[in-house]
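Accompanying notes for the structure given below.
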Amino acid sequence: MSKNGMRLGAVALTTAAVLGAGGASAWAATPAAGGQSLSAIQAKAAAAISLRVNDLNAAVIKVNDSKDLGTDASALAAYLQADIAPLQALGQKIAGDTSPSTALADAATIFTNYRVLVLALPAARLAGTSDGIDITTVPNLTALSAKAASRVNPSNAATVQPLINDLNAQISAATASTSGVAATVLGYSPASWNANHSLLASPVSSVQSAKSDISKARNDVKQLRSDLKPPATAPTAAS
């Protein structure tokens, strides 16, 4: 490869769903009173808690295995782990309840106090995606932009410089979109979600916008890689 040539490697976009999707609840909503035996209530509660604990544990494993999150991985894993022990303790309490009414009241808190499927896991996915863009994808793209800029010369400036300008604009737009997303969504509580079921709509929109910006930036990198590829040289005959 010519020392004046440039090689732009592929930029790995952070996984859009770092943590995967949560499963379906054992109850579609808060369990209704009336006609259920104590054992039936306890079984449903145990299933609902087990599902949530398993999803949280699986998400923690994915966070710990991620290469995109840097030092933020430990904070995100801690966020996901925070509900595990309390949910398990709640399961033990329900298992020890002696009346259907008490078991139903305790089981209802699975949904009102631990919004695992509709808040905690989606918030962690948003935070993970946002952090991955900020920590890994944007720095990689920025380095490639600088590398491309160092190869601009009078013969290629008209073609290459507009691509670099657009690449930088997409990097800036993605950075602006993800700014504060992780801290915001991880600060939401079940009570705030209970009061506003559209709580995550704005962060979702911001992350989607950032992903679109990153996709456009990757297209710029691809074109730069093509435009800055050194011309092939014909082999010379050995003397």
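The values are calculated or read from the model by the stated rules, or taken from the named source; none is laboratory data. Note that the coordinates shown come from a computational prediction; the quantities given were computed from them, not determined experimentally. All Cβ positions, glycine included, derive from the backbone under ideal geometry; neighbour counts span all protein chains shown.
Odds and ends about this structure:
- Residues satisfying the criterion are present in region 68-76 (criterion: outside the structural domain of residue 212 (by TED's automatic domain parsing), buried (at least 20 other Cβ atoms within 10 Å of the Cβ), aliphatic (A, V, I, L, M) and not in a helix (DSSP H, G or I)).
- Whenever a residue of region 198-221 is in the same structural domain as residue 173 (by TED's automatic domain parsing) and surrounded by 17 or more Cβ atoms within 10 Å (Cβ to Cβ), its partners that are at pLDDT 95 or above and basic (Lys, Arg), lying with C-beta atoms within less than 9 angstrom and at least six residues away or across chains, give the pairs 207/125.
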